[in-house]
Every structure is written in structure tokens, then in C-alpha cells.
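Asks: Structure below; questions to follow.
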Amino acid sequence: MTYLNYQDKYLPLELYAATVVDVCIARGVNINKLLRGTGVFKADIIKGEHASPSQILRLFSNAQALTPGYDCAFQIGRRLAANQQNTVMQALHYSRSFEESLRLVTLFENICSPFIAATFIKQNGSGYWLLKQKLGLGKLEQFVMEIFCTALVSLSQHVLGHRVKFYFGFQWQKPKQIQEYEENLGYRTYFEQPANVIAVQWSSLAKSNVNRNDLLKRHAIHKANKLIMCKFSLLEHVRYLIAGSPIAPLPQIAEQLKTSPATLKRKLKEHGSSFKQLHDEVRKHQAIHCLILQGLNNEQSALLMDISDATNFRRSIKRWTGYTPSELKKTCDFLPLIVLPS
Amino acid sequence: MNLSLLWRHTSLLVVFTVCLLLPFVLMINLGIAKDVEEYKWTDIIGEGSVALLTILWVISALASRPPGLVTRMLVLGLSCFMFSCLLDVIDEFLRYDSEHIWMSMVESIPAAIGMIIMSVALYLWHLEQLALNRQLQRREFEHRSFEKIDVITQLYRVDYWRERAEEIQQRNISAAIVVLDINDFSNFNLKFGDTEGDRFLREVAHLILMNLRPMDLVSRYAGDRFVILLPESTLANAVDMAEQVENSVKNVAFKANEQTTAAFQSVRTAVRVLMPNTSLQQCLTELNIELDNKSQLANSLQNNQHKVA
């Protein structure tokens, strides 16, 4: 079975490395120190070669360690969204509407968002993304999430001429550098949430692009066409299988992946994860989907989630999310978004 | 460690090298080797480390200070001191012959002279610091922590500012706060590039500094946003000040990328008085939201103008 690996070189350096280098050099970081240990060389960036996720993650971690101040991730996110060197990014900039830009992000997912996977849920006029790691990010999770969210906000600014009002829920505590969140993501940020989630009113996405140019967009897509990869990471494969049969144990999932349980365990460990962790995450997201986003009651949710009785349901939800169903609703009280009739 | 300053002190480097080598030349010519049994290891370790650290001090003084009177005297004094220290170490291994026994009497004299020079240098350094403190007025407020300086604007980051504002609250002094944001800065960045954007931020920082009183403090908040603390200022004064900054930024003809055509940029401000008993964070948040609303207002006005046109 094939899936995306840390070592596969498919990330364009002119998009990722050039952006990181730009941000760090402007903040007085030595480029040789920044590239040390990443296996990326200046010449590779100039030639427009490709790097693997593990190389880019090394670069992120160097950037995080070497750059003074708190704005490193946010600046990288901003500049990634503004980068028009890359054909995929050009396509996003010339799209018909912001909604189409986001659709293109999904199409070129492995280029636009190599580290974060987002399950999209559309419910009652609102859109929600539940964010997950595609590859194990370890300590870099917050850094990469910050990049991802800032890039999303910046993209909306470029495409629509103003920022879309996104709501962000993050799993970590309210950070010291809250001013960077305010400045780059806005004031609708909520911390210590059970999952990393983005919410938005659907109507604000459907607005048309101020730079719309159909011919240039189609040209960019044509050029970028060969970059489409219908490949998923191991974590996504396993999540998909768990979601399909939530009570299946590890050996059954391993069998479906045509590998042995021991190998699967080892591979998951290499990705900084485990079967239990993935299973809990999938179930947690299902719980949030049913209880919060769809606003179902416990019985309906239990039925949908294939759990037999009410006490069992409460206990399971507590185990997966850290909260009982009623506590969960309280914690995520900024969700679901209430859409005002316009 | 950044050594670029080191090579600008050619004459001082010569002095340092002479003071470093001369003791060896002198002692090898004038002394007789001691037997190994005569070595006193505790003395060798003690005096040796003093000499070694003095050498490091000279090098770090040369590497961290630009050429000038204070640097010259510091290095000269330290070099004299180092000279004596080195003689001290070497005479653990060598003995003077009878006709040069006077050397052991005079070997500590350079150290004494060096100490005197250094004392004068330290006094001058004190004067220099006072002068520099005056230069740093409005960038810094009764406290120095270089690790909190923002590299892009060379102002302090907001955590420093927050500490100072809290201090002022504790001392029961009221102050006005101004938050300032550049209009449409992301478009500016798109148009002229991020390097020019960073340079513009630096220029705005200078402009704000020029508009402040000596006791005020400006820091970079985040992105293109600045915060200003005006101790003992009334709301009316602060509003005036904010307006003056707005005016001066509006009139700057910024030349991006060496172009001759100028780019004009505007800023918007929000002002509030910080009382000793109010929450600083809440005050800041309210100011920031006020600024964001102003930006939306400006956007919708612009859109309406387009529609009318």
C-alpha cells in the first residue's frame, strides 16, 4: 500500500523555503544557520527543486528557534498566502470567488496544505473545518497551525480585498503572544478547546474575487495539473478506516491496509501517533459533529455514532473529548455559528 | 558572536598583540627554566585562569564596541593588566637570573597603571551611557532588556511595554494609551514587497518617536500596529498627539524600491485613558477592536464611493 511519506520530495522550495528564508533573514537570522541540518541548500531554492515534508519541518523548527520575537509563524503564513511564484498559488489568486479558491486548495491539497488535513462540514449556512495532522508534527503542531490559519486569513484578504470573519478554536492555552493572534487572526479566537476548529458563515465565502481572471486561472491550473497527487498520508488512511468501522480493533484495520498489526503499530509510531490516539481523535470529531455542529441530543448522537446506551455514551464522550456532553456544549459555546437572516 | 567590529580596531589590535607577546619575549630572554618539582600548580591554575580571562575580556571589548575614546582606554587599561598577569604566570615556569631580579619587583606596575586607566575609562563609559540613555528616550522607559527589542522596528516588543504600563498603574499614575495602525498595509506589502514594508515600519517608528514627549514610550504591538504610553497625559492631549502623528505620517512621501514617485500612506489611531484600577488587557482589547471597526468603516466608505462613481 502506498501513502505519502516524510521523505517524499514534492514540496516546491520556491514556495516554502523561500518564504521562510525571507522572513528569517529580515529578522537578522543567518541563512547558513537556518538551513543547517535541513539538507536544503541555497542552490536548490534557486533551481526550484522540491523538498520533503521532513526537510520543511526541520526548516520550520530552525526558524522557530532562531527568530527573535513571536511573529515568525504568522509572517510565514502571511507570505505563503501572498506568494505568487508558484503556479498553484497563482490559480488561487485568479479564482472566481473565495469559495473557488478554497476548492482549489483542496484540489492541490498536498502542495497548499502539506501538514494539516481539514474535514469540511457544511451545516445550516455555516462552514466548519476540523483540523488534523497529516503527518506527525510533534512539538511543531502549534507553529504549523498558526501558519495554516494565518495563511487562510491572508488569502481571504488578497482574494476579497477584506478579511473574512473566521472563528478559530485551538486546543492550546491562551498564549502570551495573544497580540499576534489578534493582529493576524482577529478577535474571534477561543483557546483550550477540545479540537482545533475553524468556523465561518458560508455567505462570506461565496463573494467574488477582486482579481478574478478566468483565462489566467485556467492557464495556472493547466500548468499545475501534473502536481495533483491523489495520495494520502498513513494517518489519513487509518482515520478513514476507523471512521468507517469505529469498533474495529487494530488487527482488523491492519488487515484492511494489507500489513501486519506490528508493522502498522511501528509505522504509526514513526508518524508520532498511535492507533488509540487516532481512534480517539476520530470519535472526538464525530462527537463534535453530532452534538455541537448538528445540535443533536445524546440519544440521536449515540445512534449515529453506533453506541448502544446512554451511560456508555456519556462515558465514551468524556474519554474522547475530556468533557461530558453538556460540558462539551458549554466549552464550545462559540459553535455552532448562528446565521442571522440577511 | 558577531566579530565584524573586531577588525575595525587596527591600532588597538596591534597594542593588544604586543602586550600579549612581549611578556613571553622578555621572560624567555631574561629567565632561566625552573625544575618541574618547583612548579606550584595551585598558583599556575589561579594565575593562568586570571590571565586567560583577561585576554577574553580584551577580545570581547574589541568585538562589542565601536572605535572611540572609551574603547581605546578600556582596551589599553585591560592590556596593561593582562601584561602583568602574563608575566605572573610565566614566572611560575621561569626564574629571573640574579642581574634581572628587579623584574619581579616591577612586574606588577603595569597592572596598577592599567587599573587607573580603566577607572578613568569606566567614568567616561558612565558619561557615554548617560548620553546613550538620552538617545534612547521614548524607546525605553526606566528599564533595559535588550532581548525584548523587535528587530524590524528597533522598538521594544509589546511585552516590555506591558510591563512598564503595569508598573505605572502600580505607582498609581494615570496614563493615556494610543494604539496606531497603518491603513491597508497588506496591500502596501503586496505592491512594494515585504522588505520595503519592513523599511516603512521602521520609518513610521521614527516618525512616532519624533512626535512624542521625552517621557513617553512607544513599542511595536504586532504586525503594523504600535502602542504608545503617555504617562500623566489627559485624554485631550493624547487625542491631539495621535492626530499629530496621523498628520505627520500622511505627509511622508515614501520612496519605495528607489522609485522617484512617492507612496503616501495613512494611519488611524484609537485613544483611551488607562486608570490605575482598570485592566490593561481589557483596555488594549477595546482599543484594538475600535481600530478594526474604524478600518471596516473606511472600507465601506471606499466601496460606497466606488458605487457613486
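Asks: Considering only region B:1-106, give the helices (runs of 4 or more DSSP H) lying wholly within it that have at least 1 residues that are touching a residue at least 24 places away in the same chain (Cβ under 8 Å), of a type in the set (Val, Ile, Thr) and in the same structural domain as B:Ala131 (by TED's automatic domain parsing). Walk me through it before giving the result.
Replies: Numbers: elements: B:10-30, B:41-64, B:69-90, B:102-106.
Result: B:10-30, B:41-64, B:69-90.
Asks: Ok, one more. Determine whether region B:192-204 contains at least one residue that is open to solvent by less than 50 Å² (accessible area, probe 1.4 Å), assigned to a loop (DSSP other than H, G, I, E, B) and more than 9 Å from chain A (Cβ to nearest Cβ).
Replies: If we filter region B:192-204 for residues that are open to solvent by less than 50 Å² (accessible area, probe 1.4 Å), which is where we start, we get B:192-194, B:196-198, B:200-201, B:204.
Add one more test, that the residue is assigned to a loop (DSSP other than H, G, I, E, B), and what stays is B:193.
Cutting the leftovers down to more than 9 Å from chain A (Cβ to nearest Cβ) gives us B:193.
Within region B:192-204, one or more residues are open to solvent by less than 50 Å² (accessible area, probe 1.4 Å), assigned to a loop (DSSP other than H, G, I, E, B) and more than 9 Å from chain A (Cβ to nearest Cβ).
Asks: Scan region B:141-179 residue by residue and report those that are hydrophobic (A, V, I, L, M, F, W, C), open to solvent by 10 Å² or more (accessible area, probe 1.4 Å) and either more than 10 Å from chain A (Cβ to nearest Cβ) or out of contact with any Ser or Thr (no Cβ under 9 Å at 6 or more places or on another chain) (or both). Lay out the reasoning, then the answer.
Replies: Going residue by residue through region B:141-179, those that are hydrophobic (A, V, I, L, M, F, W, C) are B:141, B:146, B:149, B:151-152, B:155, B:158, B:161, B:165, B:168, B:173, B:175-179.
Applying the additional criterion that residues be open to solvent by 10 Å² or more (accessible area, probe 1.4 Å) yields B:141, B:146, B:149, B:151, B:173.
Passing the criteria: B:Phe141, B:Phe146, B:Ile149, B:Ile173.
Asks: State whether one or more residues within region A:118-133 are in contact with a helix residue (DSSP H, G or I) (Cβ under 9 Å, 6 or more places away or on another chain) and of a type in the set (D, E, K, R).
Replies: Yes - at least one qualifying residue is present in region A:118-133.
Asks: Out of the residues in region A:1-11 that are open to solvent by less than 40 Å² (accessible area, probe 1.4 Å) and hydrophobic (A, V, I, L, M, F, W, C), state the one that is nearest to A:Gln64 (Cα to Cα). Can you show your working first?
Replies: Filtering region A:1-11 down to residues open to solvent by less than 40 Å² (accessible area, probe 1.4 Å) leaves A:3-4, A:6, A:10-11.
Among the residues that remain, those that are also hydrophobic (A, V, I, L, M, F, W, C) are: A:4, A:11.
Details: A:Leu4: 25, A:Leu11: 20 Å.
Filtering first and then ranking leaves A:Leu11.
Asks: Additional query: Checking A:Ser95 against (1) in a loop (DSSP other than H, G, I, E, B); (2) within 14 Å of chain B (Cβ to nearest Cβ), which single condition isn't satisfied?
Replies: Here A:Ser95 clears every test but (2).
Asks: Quick check on region A:53-90: of everything there that is in contact with a His (Cβ under 8 Å, 6 or more places away or on another chain) and either closer than 19 Å to A:Ile116 by Cα or in contact (Cβ under 8 Å) with a residue 40 or more places away in the chain (or both), which residue is farthest from the other protein chains (Cβ to nearest Cβ)?
Replies: Residues of region A:53-90 in contact with a His (Cβ under 8 Å, 6 or more places away or on another chain): A:81-82, A:84.
So of that shortlist, the ones also either closer than 19 Å to A:Ile116 by Cα or in contact (Cβ under 8 Å) with a residue 40 or more places away in the chain (or both) come out as A:81-82.
Details: A:Ala81: 10, A:Ala82: 6 Å.
Among those residues, the one meeting the criterion is A:Ala81.
Asks: Only one of (1) surrounded by 22 or more Cβ atoms within 10 Å (Cβ to Cβ); (2) within 25 Å of A:Leu155 (Cα to Cα) fails for A:Val40. Which number is that?
Replies: In the conditions (1) surrounded by 22 or more Cβ atoms within 10 Å (Cβ to Cβ); (2) within 25 Å of A:Leu155 (Cα to Cα), A:Val40 misses (2) alone.
Asks: Sticking with this structure for a sec: For region B:254-264, which positions are more than 29 Å from the chain's Cα centre (by Cα) and either outside the structural domain of B:Arg213 (by TED's automatic domain parsing) or open to solvent by less than 60 Å² (accessible area, probe 1.4 Å) (or both)?
Replies: Matches in region B:254-264: B:Ala262, B:Ala263.
Asks: As an exercise: evaluate A:Pro246 against (1) farther than 21 Å from A:Phe115 by Cα; (2) part of a loop (DSSP other than H, G, I, E, B); (3) touching a Ser or Thr at 6+ places or on another chain (Cβ under 8 Å) and give the number of the one condition it does not meet.
Replies: (3)
Asks: Continuing with the same structure: Filter region A:244-259 down to residues that are without any contact (Cβ under 8 Å) to a residue 40 or more places away in the chain and open to solvent by 50 Å² or more (accessible area, probe 1.4 Å) and give me whichever is nearest to A:Lys276 (Cα to Cα). Step through it out loud before you land on a result.
Replies: Taking region A:244-259 as the starting set, the residues that turn out to be without any contact (Cβ under 8 Å) to a residue 40 or more places away in the chain are A:244-245, A:248-256.
Narrowing further to those that are open to solvent by 50 Å² or more (accessible area, probe 1.4 Å): A:244, A:249, A:251-252, A:255-256.
On the way: A:Gly244: 16, A:Pro249: 10, A:Pro251: 13, A:Gln252: 14, A:Glu255: 17, A:Gln256: 17 Å.
Among them, the one singled out is A:Pro249.
Asks: Looking at region B:218-240, is at least one residue within 14 Å of chain A (Cβ to nearest Cβ), over 25 Å from the mean Cα position of the chain (by Cα) and without any contact (Cβ under 8 Å) to a residue 60 or more places away in the chain?
Replies: no
Asks: Follow-up question, since we're still on this one. Filter region A:12-37 down to residues that are at pLDDT 90 or above and not in a helix (DSSP H, G or I) and give me whichever is most open to solvent (accessible area, probe 1.4 Å).
Replies: A:Arg36
Asks: Among the residues of region A:271-318, count how many are over 24 Å from the mean Cα position of the chain (by Cα) and among the basic types (Lys, Arg).
Replies: Number of matching residues: 3.
Asks: On to the next question. Taking region A:184-238, which residues are away from every other protein chain (no Cβ under 14 Å), open to solvent by 70 Å² or more (accessible area, probe 1.4 Å) and of a type in the set (S, T, N, Q)?
Replies: Across region A:184-238, the qualifying residues are A:Ser203, A:Asn225.
Asks: Right, next: Scan A:Leu155, A:Leu135 and give me the residue that is within 14 Å of another protein chain (Cβ to nearest Cβ), crowded, with 23+ Cβ neighbours inside 10 Å and under 17 Å from the mean Cα position of the chain (by Cα). Before the answer, list the steps.
Replies: Values: A:Leu135 fails: within 14 Å of another protein chain (Cβ to nearest Cβ).
Just a single option satisfies the conditions, and that option is A:Leu155.
Asks: While we're on this one: When you scan region A:107-124, do you find a residue that is in contact (Cβ under 8 Å) with a residue 40 or more places away in the chain, open to solvent by less than 40 Å² (accessible area, probe 1.4 Å), over 25 Å from B:Gly223 (Cβ atoms) and of a type in the set (S, T, N, Q), even just one?
Replies: Scanning region A:107-124, I find at least one residue that is in contact (Cβ under 8 Å) with a residue 40 or more places away in the chain, open to solvent by less than 40 Å² (accessible area, probe 1.4 Å), over 25 Å from B:Gly223 (Cβ atoms) and of a type in the set (S, T, N, Q), so the answer is yes.
Asks: Still on this structure, I have one more. Of all residues in region B:131-170, which are among the basic types (Lys, Arg) and at pLDDT 90 or above?
Replies: First, pick out the residues of region B:131-170 that are among the basic types (Lys, Arg): B:134, B:138-139, B:144, B:148, B:157, B:162, B:164.
Across region B:131-170, the qualifying residues are B:Arg157, B:Arg162, B:Arg164.
The values are calculated or read from the model by the stated rules, or taken from the named source; none is laboratory data. Not measured: the values here are computed from a predicted model. With ideal geometry, Cβ positions are generated from the backbone for all residues, glycine too; neighbour counts draw on all protein chains shown. Heavy atoms of the whole protein, side chains included, go into the accessibility calculation; ligands, DNA and RNA do not. Shrake-Rupley method; radii C 1.70, N 1.55, O 1.52, S 1.80 Å.
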